[in-house]
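To start, the structure under review is shown below, and the notes come after it.
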Amino acid sequence: MKKKDLEKQLKEYGWWFKRSGGKHDIWTNGEREEPIPRHREINEILAKKILKNARLASDKN
């Protein structure tokens with residue numbers, strides 16, 4: 001999955017970019033943080049896991 005597409009979906013769940021880490025960008029929904037690798041292409045399994053965690057966290061709010 002392209003990083004740009006993953007970030008677009010995170011924004012739809014109400015997440016936003018918080019800061020840059022060492023090798024990851026940190027995204028948050030205000031309560032939880034999720035590290036996103038800084039690569040153009042993100043492994044499909046990892047991208048699905050990140051989106052699942054983001055969706056579950058957004059549903060709890």
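Candidates Arg55, Arg19: the one that is surrounded by fewer than 16 Cβ atoms within 10 Å (Cβ to Cβ), in contact (Cβ under 8 Å) with a residue 40 or more places away in the chain, not in a loop (DSSP other than H, G, I, E, B) and not acidic (Asp, Glu) is Arg55. Scanning segment 11-22 for residues that are touching a strand residue (DSSP E or B) at 6+ places or on another chain (Cβ under 7 Å) and either closer than 16 Å to Lys60 by Cβ or modelled with pLDDT under 95 (or both) yields Trp15, Gly21.
The values are calculated or read from the model by the stated rules, or taken from the named source; none is laboratory data. What you see is a predicted model; the values in this text were computed from it and never measured. Ideal geometry is used to build each Cβ from the backbone, glycine not excepted, and the neighbour counts take in all protein chains shown.
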